[in-house]
Each structure stands twice: as C-alpha cells, then as structure tokens.
Amino acid sequence: MKKAYKIAVVNGDGVGAEIVPAGVSVLDAVAEKYGFQLDKEAFPFGAGYYKENGKFMSDDALETLKGFDAIFFGAVGLPEIDDTLPARDYTFRVRTSFQQYINYRPVKLFPGVDSPLRYKTQEDIDFVVIRENNEGEFVQSGKILHADKPAGLAVDTSIFTRFGIERVAHYSFKLARKRNRKVTNVTKSNTLISSLAYWDQVIAEVAEEYPDVEYSKMYIDNASASFVLRPEIFDVILTTNLFGDILSDLGGAIMGSLGLGGSGNINPEKEFPSMFEPIHGSAPDIAGQNSANPIGQIWSAAIMLEHLGETEAAQDIMDGIEHTTAQGNLTKDLGGTATTVEVADSVVEFIRAAKMATV
Ligand code: ATP
C-alpha cells in the first residue's frame, strides 16, 4: 500500500495564496513520481480570517492540526492588521503548542543567482541557521506600565531553560555530524551576562559529548559581519530565537533574495506536527501579481519531505530548484521576468523529466 501523509495546508495572507499552491504543485509531482500519497486539507487561518472572525484560527484549530503529519504554511499578516498579532496568535502559538523547538533555516547560493556577494561561490555560501524556536527573547512575557505617564516603563523577559538549551544543542551537533562537523554558537554573553552566559555554559557542556564536531562561539555582531565577509566559515549556526530571526533574513539577503529562503519549525521527536514555511512574510506589496518568488516555499516543501523521511523526493526538489535557477528562470526579485507559476512549473517539469534521485 502507498505510504500516505496527512498535510494541513495553510496559505495565510498576501503572497501565501500564490506561493503555497506553487509549492503544492511541486509536492504533487514528487508524490506521483515516488509513489506516496499526500492527503491535503486546506485551512483559511491568518489575518484575513481574523478580519472576519476576530481570531487568527478557529477555536479547535490546534486540536485539529494535531492530527496531521505536517503543516505546509505560507505567511500571515496584512498591512491593516496590528503587526504584533500574527506572531502571537498564529505562528508562535503553533510553534510552542507543537513543541517545534527547532527552527531550521538553510542558506545556500543557487546557480544562476547573483548574490550581492558575487565573488563568493556556491561552496562558500552553504550553511544552516538553527534557531531556538520556543523560548529565549520571544516568550512574550512582559508588560508596559503607565505608558503615557512620566513613570512609564516597559519590560520584556527572556527565558532560557537548561532543558530548552540542551535539546536545541543536541539537534545542532547531530546535524553537524551529517554536514561538515562544525557548530558555531552565535551569542552575546559578553553583555547579556546572565541569560546568554548560561546559554553558552550549557552548550559547551553538550559540545563535550561531540568531540568529533568542531565547536566555537561567536558574538552576534561579529557573526553579522562574517555572513557578508566570510560566509564560508559557517556550517551549522546554533543561535537564539531573536538572533536566529535576524540572521536568517540576512542569510536570505546574501542568497540574493528573501524569497529564496525555506524553513522548518521542527518537532524532532514527531510527537506533534512540524510546520514548514518560507522565511519571509506575506509581502503584501507584491501580492496578487503572480510575481512572488516561490522558491522559498518550494524549498520548504523539500525540508518537509526530508523530515517525513522522503529523502529522495526532497533531493529531487532541490535538484529541480537548482536546475530552474541555473537556466535563468528567475522572478523579478532576482532580476528575471518569470512569474510565480512559471518558476514552479519549471521545477515540476524537471521532476517529471529527471530520473529518480538517489541519495
Ligand atoms: P515578516 O515580519 O512577517 O517576516 P516582513 O515585514 O519582514 O514580514 P516581508 O513580507 O517578508 O516583510 O517582505 C519584505 C520584502 O521582501 C518586501 O519588499 C517583499 O516584497 C519582499 N519579499 C518577501 N517575500 C518575497 C517573495 N517570495 N518574492 C519576492 N519578494 C519577496
């Protein structure tokens, strides 16, 4: 019998309605080729849903989504909706409720794409940002008091636990073993002398269990400059929720466009569904024009299949992306003229025509 996976599809807002179907067309092509089944169900959650219902998700959403193997997600947010809500009421809720404590964000230069670092090669730009995704600076535990008074004050608390640090550290070192055996902890413990000093201490303890992996520590300011000046030094970057959020956008920029970056919010134990989404937001400025770059979404589809164990199909998608960019089949953000649909179709055509990928 065919293997079947239950996939919840959440387009979200803005370009989500264009890039998610583009990603689904690629998923369907590999499913057909590799003989597995994707039972998809669409959910209308997001800022558009909020406008009609006063909430980003239905009340039973988390309970329903729990029954799926994975969530294939675009982006949430609309310009007319308070921009603190999409993260709080959708993204962070899903990430924390489903213990998606790994945010896996690869950075890679594709052939045919002019990176702003154009003298770097494909070998130089190929690393993964592992962002701690459930705690740290984004726990949203804070308060604003007496906002309009002279005594006004605001506080946000970062929370780091041994449990939370250890699990993301173990994931990163194990990942490094499958790559180039190098982990860089991006931190700022010289100024955040409690929370990040503890972060460093626990990671250093975990590092001792992986003597075959080279471990080093780098401050976020130096790491930002190094992304631009010497990206070749990185393999697996292990960092906090806030730093990972910023660094992975910078990673998108050095690839050539934010539209290229894919990601996974991963619960490695598979106790809950993981969620796969491009690194960018809903890009309302270009929504509805069939011009958004679908590669970040398509790459997210590959990361999803890898997580589900469909490694060959995932590799086929990556080969399809590389073939497409190498042919100069690029959307406007990369200086090309191809539409969203044309880029996705080109990946699908490659998958249909190419031999089965072997990994
Ligand atoms: P968020 O905070 O939700 O991540 P954001 O405010 O950072 O969102 P984005 O929606 O990511 O903003 O858009 C930032 C810029 O990148 C916009 O100019 C947008 O058009 C561009 N962009 C984002 N995604 C794509 C894409 N898939 N293709 C082309 N351009 C994109």
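Between segment 22-65 and segment 199-227, what is the C-alpha centre distance in whole Å?
That distance is 36 Å.
Tell me, what is the percent relative contact order of segment 257-344, built from C-alpha pairs under 8 Å that lie six or more residues apart?
After rounding, I find 29 percent.
Given a Förster distance of 22 Å, report the FRET efficiency between Glu63 and Val139 from their Cβ-Cβ distance, rounded to the nearest 0.05.
Efficiency, rounded to the nearest 0.05: 0.45.
For segment 122-280, with equal point scatterers placed on the C-alpha atoms only and solvent neglected, what are the log10 I(q)/I(0) values from the Debye formula at q = 0.14, 0.21 1/Å, to two decimals?
At q = 0.14, 0.21 Å⁻¹ the computed log10 ratios are -0.74, -1.49.
I'd like the Karplus ³J(HN,Hα) series for segment 131-147: coefficients 6.51, -1.76, 1.60, θ = phi - 60°, whole numbers in Hz, and an x wherever there's a Gly or Pro.
With coefficients 6.51, -1.76 and 1.60, one gets 9, 5, 10, 10, 9, x, 6, 9, 6, 6, 10, x, 7, 10, 10, 6, 3 Hz.
Just the Cα atoms of segment 196-344: what Rg and Dmax do they give in Å?
17.5, 51
Would you pull out the residues with amide H under 5 Å of Val139's amide H, same chain only if 5 or more places away, H placed 1.01 Å from N?
For Val139, the qualifying residues are Ile159.
With a ≥ b ≥ c the root eigenvalues of the C-alpha gyration tensor of segment 1-119, is it rounded (a/c under 1.5), prolate (a/b larger than b/c) or oblate?
oblate
Please report the carbon-and-sulfur percent of the accessible area for the chain; probe 1.4 Å, protein heavy atoms only, DNA, RNA and ligands left out.
Whole-percent figure for carbon plus sulfur exposure: 51.
Can you give me the long-range amide H partners of Leu38? Hydrogens built in the peptide plane at 1.01 Å from N, cutoff under 5 Å, separation of 5 or more residues or another chain.
Tyr5
Taking the simple approach of a point 7 Å from Cα along Cα-to-Cβ for both Asp221 and Tyr119, what is their distance in nm?
2.6 nm
Extending each Cα 7 Å along its Cβ direction at Lys178 and Ile233, get the distance between those two points in nm, one decimal.
2.7 nm
For Met356 paired with Asn190, estimate the spin-label separation in nm (one decimal), with each label point 7 Å from Cα along the Cα-to-Cβ line.
Rounded to a tenth, the inter-label distance reads 5.4 nm.
With +1 on each Lys and Arg Cβ and -1 on each Asp and Glu Cβ, and nothing else charged, work out how big the dipole of segment 1-148 is about its Cα centre, in Debye to the nearest 20.
Here the size comes out at about 440 debye.
I'd like to know which of Gly288, Ala253, Val186 lies farthest towards the positive end of the charge dipole of the chain, counting +1 on Cβ of Lys and Arg and -1 on Cβ of Asp and Glu.
Result: Val186.
So who's got an amide H within less than 5 Å of the one on Lys217, skipping anything under 5 residues away but keeping other chains? H placed 1.01 Å off N, in plane.
Counting only residues 5 or more places away or on other chains, the set is Asn185.
Dipole size in debye (nearest 20) for the chain around its Cα centre, Lys and Arg Cβ +1, Asp and Glu Cβ -1?
Taking the Cα centre of the chain as origin, the dipole is about 460 debye.
Can you give me the relative contact order of segment 146-227 as a percent, contacts being Cα pairs under 8 Å and 6 or more apart?
Relative contact order here is 32 percent.
Quick one: 3J(HN,Hα) in Hz for segment 69-81, Karplus 6.51/-1.76/1.60 with θ = phi - 60°, rounded, Gly and Pro as x.
7, 7, 10, 9, 10, x, 7, 10, x, 9, x, 7, 10
Assuming 0.890 mPa s and 25 °C, estimate D for the chain with Stokes-Einstein, Rh taken as the Kirkwood radius over Cα pairs, in µm²/s.
Reported coefficient: 117 µm²/s.
List the relative contact order of the chain as a percent without decimals, with contacts defined as Cα pairs under 8 Å and 6+ residues apart.
23 percent
Can you work out ³J(HN,Hα) from phi for every residue in segment 293-300, in order, using Karplus 6.51 cos²θ - 1.76 cosθ + 1.60 and θ = phi - 60°, giving whole Hz and x for Gly and Pro?
6, x, 5, x, 5, 5, 4, 4
Report the full-extension gain for the segment Ile159 to Met1: residue separation times 0.36 nm, less the Cα-Cα distance, to one decimal in nm.
Gain on stretching Ile159 to Met1: 52.3 nm.
R0 = 25 Å: FRET efficiency of Ala326 with Asp28, Cβ-based, nearest 0.05?
0.60
Quickly estimate the mean residue ellipticity at 222 nm for the chain, helices only: each DSSP H run with n ≥ 4 gives -39500 (n - 2.57), and the total goes over all residues, rounded to 500.
One gets -12000 deg cm²/dmol as the mean residue ellipticity at 222 nm.
Quick one: accessible area per residue over the chain, 1.4 Å probe, rounded to a whole number of Å²?
44 Å²
Which of the three applies to segment 258-327, rounded, prolate or oblate, going by the alpha-carbon gyration tensor with a ≥ b ≥ c and a/c under 1.5 meaning rounded?
oblate
The values are calculated or read from the model by the stated rules, or taken from the named source; none is laboratory data. Bear in mind that the values here come from a model prediction, so they are computed numbers and not experimental data. Ideal geometry is used to build each Cβ from the backbone, glycine not excepted, and the neighbour counts take in all protein chains shown. Quick note on the areas: whole protein, heavy atoms, side chains included, nothing else; ligands and nucleic acids left out. Shrake-Rupley method; radii C 1.70, N 1.55, O 1.52, S 1.80 Å.
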